[in-house]
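Below is one structure, written out as structure tokens, with a few remarks after it.
Each value in this text was obtained by applying a stated rule to the coordinates, not by laboratory testing. Since this is a predicted model, take the numbers as computed values, not measurements. Counting neighbours? That spans all protein chains shown, and the Cβs are built from the backbone with ideal geometry, glycine included.
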Amino acid sequence: MDTKERGKEMAERIQRELNFYNGELPEDVKLVWQGYVSALLEWSLIEVSTYDKLLEMLSFIPRGPVYSIMVGEPGAHLKLESEKN
């Protein structure tokens, strides 16, 4: 399976989740999907443009725990949150 096919499959799977939850994913489901999609990007299994499109579908939480994992700094999302206050 190439990166474009994989991206298409992920979009279809996310859409099925959205349909199941009537268009709004619970936060825990959204975070799991964000982590899954981020791992696909990190391992070059999807393109950056596909990653961006999939995150749009998920209503991406920009500074959630997935962010901390992606930048390799545990708790980075918490530090950013405390800096806002």
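The table below lists the values:
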| item | result |
| --- | --- |
| Looking only at the range 1-41, and only at residues there that are among the β-branched types (V, I, T) and more than 16 Å from K53 (Cβ to Cβ), the one that is farthest from the chain's Cα centre (by Cα) | V29 |
| Qualifying helices (runs of 4 or more DSSP H) (wholly inside the range 13-74; at least 3 residues being surrounded by fewer than 17 Cβ atoms within 10 Å (Cβ to Cβ) and free of Cβ contacts under 8 Å to residues at least 12 places away in the same chain) | 27-42, 48-58 |
